[in-house]
Amino acid sequence: MKWSIHQLSKYRQNGMPIDTQVQLDEVMNRNQDIRAISPVHVKGLCTFGASQMTCQFTLSATLTLPCARTWEDVEYPIEIDTVEIFSWIDEEKRGDEDGDIHYIDGDVIDMKPVLEELVLLEVPMQVFKQNTEGQMQGGKNWSYSTDEDVEIARKNDEPKLDPRLAALAKYFDQTDE
C-alpha cells in the first residue's frame with residue numbers, strides 16, 4: 001500500500017476509498033508469538049488537505065497464537081478501528097508534540113509499517129484455547145497440578161519419619177530410670 005503524493009491529488013475532491021487485502025507476514029518476524037496471520041482486510045476512506053492525508057479505516061485479520069496452557073494453536077480474530085494522519089510538510093514546520101502524525105520523507109506514502117504496528121499492538125499477552133482447563137498432563141521432570149490437587153495430596157500424605165532419625169525418636173520415648 002504505497003502511493004505517490006502526486007498520484008493522490010486526483011482524490012482531493014471526494015477522497016480515496018480503500019477496500020483491499022494486505023499480507024503482513026513481517027509481523028511474525030517482529031513478534032515470535034505470532035505463528036501465522038491471515039491476509040489483513042483494510043477498509044476505509046482517506047481524505048486530503050493541503051499537506052496531509054487523513055485515513056479512517058478498519059483492519060480485520062486472524063492471528064494464530066500459542067495457547068498459554070497447552071501450546072496448541074489458537075485463532076485470535078482482531079478488528080481495529082483507527083484514524084491515521086500522514087503529513088508531508090517541511091521539517092521546519094513540524095511540531096514536537098505531534099506524536100499522532102506520521103511524517104512522510106520524500107514523495108511516497110507507505111502505509112504498511114503503520115498497519116504492522118497496529119496489528120502488533122493488538123497481540124495479547126496470553127490466549128487460552130477453549131475447554132483446556134485442567135488438560136495439562138505434564139512432561140519430562142515436571143507436572144501440572146491445581147491447588148485442589150495439592151491440598152488433597154497434603155491431607156493424604158502422612159508425615160514420614162526420616163529413617164536416619166528413627167533411633168533419635170526412640171531416645172526421646174524412653175523414660176528416665
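Bear in mind these aren't lab numbers, they're just calculated from the coordinates by the rules spelled out. Given the structure is predicted, the values throughout are model-derived calculations rather than measurements. Glycine also receives a Cβ, built like all others from the backbone with ideal geometry; neighbour counts cover every protein chain displayed.
Below are the figures for this structure:
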quantity: Positive-end extreme of charge dipole, the chain - chosen from Ala166, Thr146, Val40 (charges on Cβ); calculated: Val40
quantity: Stokes-Einstein translational diffusion, the range 2-121 - Kirkwood Rh over all Cα pairs, 1.002 mPa s, 20 °C, in µm²/s; calculated: 135 µm²/s
quantity: Sum of -39500 (n - 2.57) over DSSP H runs of 4+, divided by residues of the chain (222 nm, nearest 500); calculated: -5500 deg cm²/dmol
quantity: Packing-based exposure ordering (other Cβ within 10 Å, fewest first) of Val114, Val150, Val74, Val108; calculated: Val150, Val108, Val114, Val74
quantity: Exposure proxy ranking, count of Cβ atoms within 10 Å, fewest first, for Trp142, Trp3; calculated: Trp142, Trp3
quantity: Fully extended contour minus Cα-Cα distance, from Glu72 to Val108, at 0.36 nm per residue; calculated: 8.9 nm
quantity: Residues Thr58, Thr64, sorted so that the one with the fewest Cβ neighbours within 10 Å comes first; calculated: Thr58, Thr64
quantity: Cysteines not pairable in the chain (beta carbon separation under 4.7 Å absent); calculated: Cys67
quantity: Euclidean distance of C-alpha centroids, the range 1-72 and the range 151-171, integer Å; calculated: 65 Å
quantity: Nearest-20 debye value, the chain charge dipole, Cβ charges on Lys, Arg, Asp, Glu; calculated: 640 debye
